[in-house]
């Protein structure tokens with residue numbers, strides 16, 4: 001299994017043609033999974049999607065390939081791990097407005113691996129949860 005320790009994740013850069021093709025192919029799956037995750041996490045840990053709680057599902061998934069703002073690529077023995085940062089146009093630039101997505105590409109067409117959901121422990125022991133990120137949040141390796 002590829003991990004951040006076993007592969008080199010390239011620097012963030014604007015999407016190039018191969019990345020655009022991969023994300024175009026997986027956009028319907030990304031949108032479907034985003035809504036599924038939102039509904040699931042809202043039942044158990046609504047903080048993950050608190051930044052979009054005011055949006056209807058239709059507005060949350062109203063992004064297209066032009067909203068893919070950055071990608072990072074890693075190659076492993078299994079294939080290509082493609083990470084992307086997608087802007088949700090219904091959200092203001094001033095706050096969280098991005099999802100981080102991971103695709104996997106092998107000899108088969110690109111497949112959605114995961115949409116990033118972050119659980120982070122603060123210094124005081126409190127846990128913070130989020131699935132919507134800011135423009136300044138780095139696109140880093142993630143498994144979930």
Residue tally, condition in a helix (DSSP H, G or I) and in contact with a strand residue (DSSP E or B) (Cβ under 7 Å, 6 or more places away or on another chain), over the stretch 52-77: 1
Per-region count, the stretch 114-136, residues surrounded by fewer than 18 Cβ atoms within 10 Å (Cβ to Cβ) and more than 20 Å from residue 3 (Cα to Cα): 12
Members of the stretch 98-126 found to be in contact (Cβ under 8 Å) with a residue 40 or more places away in the chain and part of a loop (DSSP other than H, G, I, E, B), listed by number: 109, 110, 117
Selection from the stretch 93-113 of residues that are surrounded by fewer than 17 Cβ atoms within 10 Å (Cβ to Cβ), out of contact with any helix residue (DSSP H, G or I) (no Cβ under 8 Å at 6 or more places or on another chain) and either within 20 Å of residue 18 (Cβ to Cβ) or modelled with pLDDT of 95 or more (or both): 106, 107, 108
Top-ranked residue of the stretch 13-30 - restricted to ones that are surrounded by fewer than 16 Cβ atoms within 10 Å (Cβ to Cβ) and part of a loop (DSSP other than H, G, I, E, B), ranked as nearest to the chain's Cα centre (by Cα): 14
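The values are calculated or read from the model by the stated rules, or taken from the named source; none is laboratory data. All figures in this text were calculated on a predicted structure; none of them were measured in a lab. Counting neighbours? That spans all protein chains shown, and the Cβs are built from the backbone with ideal geometry, glycine included.
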